[in-house]
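First the structure, in the form of structure tokens, and then the observations on it.
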Amino acid sequence: MELMGTLLRQIVIMFALMFLGAGLFKAGKISREGTKSIGNILVCVVMPAVVIKAFMREFSPERLKGLLIAFLVSLAALVLSIAVSTLCFKKHPIEVFGTSFSNAGFLGIPMIAAVFGDEAVFYASSFVALLNILQWTYGVFMITGDKKQISPKRILCNPVTLGLVVGLILFLIPVELPSLVTGTVKYLADLNAPLAMFSIGTYLAQLKVKEIFNDKTAYLSTLVRLVVIPLLTVGLLSLVPASLMSIRLAVLVVAAAPVGSNVAIFAQLHNKNYTQAVKSICLSTLCCIVTIPLIVGLAQFLWR
């Protein structure tokens with residue numbers, strides 16, 4: 001119950017930031033172009049910093065083993081998510097993208113940091129890195145239909161992959177970085193939660209309330225993203241040894257996060273209709289205040 005209460009408090013903080021972002025947009029302090037710029041800053045600068053910060057810790061064989069397990073478990077969870085989403089929305093690429101890829105980096109990571117600490121973020125970063133690689137390749141292919149999007153260059157050169165490479169080097173090689181560097185990375189990573197929630201808030205402000213709550217596709221997308229996929233992920237994570245509980249919980253929280261805001265960012269960048277994506281983002285984000293604590297609570301009960 002204490003864990004659920006902590007999760008709930010963190011989600012309420014996220015919502016406060018989201019509604020602040022909506023208010024800033026309504027007041028004209030953030031423009032539509034500004035929203036796009038915030039998305040670019042998040043994708044190209046902040047998320048790589050989040051990954052690098054997570055790996056800036058002392059090396060140990062136990063941590064390396066845990067990281068490898070976290071990568072394998074995260075890959076399995078993401079493949080499961082993509083398979084379920086494709087089965088449910090095979091003719092609707094925006095919905096496939098949105099339900100396949102959760103808001104792991106922008107909402108999941110801040111929650112994990114607040115509730116479970118940096119060690120859990122270390123393991124969850126593998127999920128975020130794999131998710132972003134898949135978004136920049138398979139995800140963009142789903143939106144555009146262009147097979148050229150799935151290429152080694154896009155896999156290796158997207159910002160989060162580069163952040164992962166830098167982070168792994170720092171983790172594996174015992175180099176003590178100057179405080180100027182570590183402080184800069186920390187400040188950039190700390191921008192993740194407020195900027196991400198401001199971004200979601202600006203999307204929310206662009207819709208009328210009835211547009212969010214009258215859309216059947218958005219409800220189905222929310223159901224799949226917040227209930228079906230997390231429940232299946234609980235089953236998948238039950239195969240992980242109980243001694244690796246921090247990996248179980250870290251992967252579960254990011255897998256149970258709402259529809260990722262990147263679906264709207266990528267749709268906007270590729271001149272696709274992002275309004276439908278925004279509806280699913282907003283509805284699922286509003287509903288996750290109930291579903292995430294319940295899913296985590298159920299998992300803890302089953303894993304006792």
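The values are calculated or read from the model by the stated rules, or taken from the named source; none is laboratory data. Keep in mind it's a predicted model, so treat the numbers as computed, not measured. FYI the Cβ positions are ideal-geometry reconstructions off the backbone, even for glycines, and counts take in every protein chain you see. Keep in mind that these areas ignore ligands, DNA and RNA; they rest on the heavy atoms of the full protein, side chains included. Shrake-Rupley method; radii C 1.70, N 1.55, O 1.52, S 1.80 Å.
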Note to self: Regarding segment 160-170, can at least one residue be identified that is modelled with pLDDT of 85 or more, more than 12 Å from residue 50 (Cβ to Cβ) and exposed (fewer than 13 other Cβ atoms within 10 Å of the Cβ)?
What the structure shows: yes
Note to self: Can you tell me which of (1) open to solvent by 60 Å² or more (accessible area, probe 1.4 Å); (2) of a type in the set (A, V, I, L, M); (3) touching a residue at least 60 places away in the same chain (Cβ under 8 Å) is the one residue 244 doesn't meet?
What the structure shows: (1)
Next item on the list: Report, by residue number, each residue of segment 18-34 that is outside any helix (DSSP H, G or I), without any contact (Cβ under 8 Å) to a residue 40 or more places away in the chain and on the phi < 0 side of the Ramachandran plot.
Entry: 27, 29, 31
Margin query: Cβ-Cβ distance below 8 Å, separation of 6 or more or different chains: which pairs start in segment 188-202 with a residue that is free of Cβ contacts under 8 Å to residues at least 40 places away in the same chain and end on one that is acidic (Asp, Glu) and open to solvent by 10 Å² or more (accessible area, probe 1.4 Å)?
Written below: none
Next item on the list: Filter segment 247-304 down to residues that are of a type in the set (Ser, Thr, Tyr) and modelled with pLDDT under 90 and give me whichever is nearest to residue 89 (Cα to Cα).
Entry: 280
Checklist line | Any helices (runs of 4 or more DSSP H) falling wholly within segment 220-304 and containing at least 1 residues that are touching a Pro at 6+ places or on another chain (Cβ under 8 Å) | finding: 245-255, 275-302
Checklist line | Filtered residues of segment 113-150 (kept if part of a helix (DSSP H, G or I), free of Cβ contacts under 8 Å to residues at least 40 places away in the same chain and open to solvent by 20 Å² or more (accessible area, probe 1.4 Å)) | finding: 113, 133, 136, 141, 147, 148, 149
Notebook entry, point to check: How many of the residues making up segment 85-112 are at pLDDT 80 or above and open to solvent by 20 Å² or more (accessible area, probe 1.4 Å)?
Noted result: 7
Check: Taking segment 46-60, which residues are surrounded by 15 or more Cβ atoms within 10 Å (Cβ to Cβ) and either without any contact (Cβ under 8 Å) to a residue 24 or more places away in the chain or out of contact with any helix residue (DSSP H, G or I) (no Cβ under 6 Å at 6 or more places or on another chain) (or both)?
Finding: 57
Check: When you go through (1) open to solvent by 10 Å² or more (accessible area, probe 1.4 Å); (2) over 20 Å from the mean Cα position of the chain (by Cα) one by one for residue 212, which number turns out not to apply?
Finding: (1)
